[in-house]
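Following: one structure in structure tokens, then a few remarks.
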Amino acid sequence: MEAWCQSPQLKELFRLALKQWVAWTAEKVMPPWSDHRQDRRVAETMEWAHALGDLVARAAPFFELEFVREVLLRPFLSKDEEGLLFLAPFGTAIVCRHVLDAPVVPAGTFELLDACVERVFIDRAFNPNSHRAGEVHGSEMPRLIRALLFVNVERADGAARFVNGKWDELPLILPTVAKVVSRIGWSSFVADCYLTLCERAGVAFPIDAFAEQAGTILTQVNPVRNSWSGTLIPARLAAIVQRLAAANFPLTQDAAQQLLRILDELIDLGDRRSAALEQDETFKNVQRTSRRPEERQAS
């Protein structure tokens, strides 16, 4: 395929083929009508949709962003769940090929990921007023979210960044991460993926970015806090606070106040470790703008 795209004539033929394959696939898995044969039709084309998503991701750097996003990607960005059969492997391949493995991240990569992020936002799972809001089911949506938070691969020593243990280029992905977390970080599944990223990055994760993102998550969680019950999310958040506070000691006043506000919220969620951390030497003599324990009890 890469060789084809070096030839202007073959590249245009390949462009036409991709356009036709996408149109056919979108109509096959998301027909404008619905009948009792829908499930069978989707099952028959699942492997093809997966393969096409991977192929389009592979081809993306060779074509204009507008063409890839509006012609090849747009048909699968509706609320229709079957579109995820294409989007999940597409997002996964974009991250693996062009973010984790590429020596230089191709132009347009994060714009394509942003389009996938917007599709995730409109999914019914993330309607806070829906039944079991924030619960993620099936295989395609979890796969896509893991890719969008860059935790779809645990370790690959031959990669160019992140999963090879080198996190110096972390700022590349932080805008995408922040976009996801700021909208749907209250979901226990999304929060779990985000914390996995923070844990893998370790002390390379910028403390200011973590404080802002974790603070946003905790301010949104109250309507669905029952879905966090029995999870390790509060304890993991507290552990990351402790690790980053120690690595960045002495803390700036702003950073210390932000972390204390996070600990306050975690105490409200019943995390005992956070109460002990508030008394740590790291936060000694910090002028608090967060709620004190007696204020929490009064509320």
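The set of residues from the stretch 264-282 being in a helix (DSSP H, G or I) and of a type outside the set (A, V, I, L, M, F, W, C) comprises Asp264, Glu265, Asp268, Arg272, Arg273, Ser274, Glu278, Glu281, Thr282.
Checking each residue in the stretch 214-242 for being in a helix (DSSP H, G or I) and not hydrophobic (A, V, I, L, M, F, W, C) picks out Gly215, Thr216, Thr219, Gln220, Asn222, Pro223, Arg225, Asn226, Ser227, Pro234, Arg236, Gln242.
The residue pairs whose first member lies in the stretch 89-114 and is in contact (Cβ under 8 Å) with a residue 40 or more places away in the chain and at negative phi, whose second member is of a type in the set (S, T, N, Q) and not in a helix (DSSP H, G or I), and whose beta carbons are closer than 9 Å, counting only pairs six or more residues apart or on different chains, are Gly91/Asn152; Thr92/Asn152; Val95/Asn152; Cys96/Asn152; Leu100/Asn152; Leu100/Asn164.
Only residues that are modelled with pLDDT of 95 or more and either more than 28 Å from the chain's Cα centre (by Cα) or in a loop (DSSP other than H, G, I, E, B) (or both) were counted in the stretch 9-47, giving 11.
Yes or no, residue by residue, for (1) over 23 Å from His137 (Cα atoms); (2) touching a residue at least 40 places away in the same chain (Cβ under 8 Å); (3) in a helix (DSSP H, G or I):
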residue: Cys5; (1), (2), (3): yes, yes, yes
residue: Val56; (1), (2), (3): yes, no, yes
residue: Pro75; (1), (2), (3): no, yes, yes
residue: Lys79; (1), (2), (3): no, yes, no
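Which residues, counting only those in the stretch 128-184, are surrounded by 20 or more Cβ atoms within 10 Å (Cβ to Cβ) and either in a helix (DSSP H, G or I) or not assigned by TED's automatic domain parsing to the domain that holds Asp80 (or both)? Answer for the stretch 128-184, where residues must be surrounded by 20 or more Cβ atoms within 10 Å (Cβ to Cβ) and either in a helix (DSSP H, G or I) or not assigned by TED's automatic domain parsing to the domain that holds Asp80 (or both): Glu140, Met141, Leu144, Ile145, Arg146, Ala147, Leu148, Thr176, Val177, Val180, Val181, Ile184.
Each residue in the stretch 62-106 was checked for being modelled with pLDDT of 95 or more and within 18 Å of Ala147 (Cα to Cα), and 26 pass.
The values are calculated or read from the model by the stated rules, or taken from the named source; none is laboratory data. Quantities reported herein were computed from a predicted structural model and do not represent experimental measurements. Neighbour counts are summed over all protein chains in view; Cβ atoms, including those assigned to glycine, are modelled from backbone coordinates with ideal geometry.
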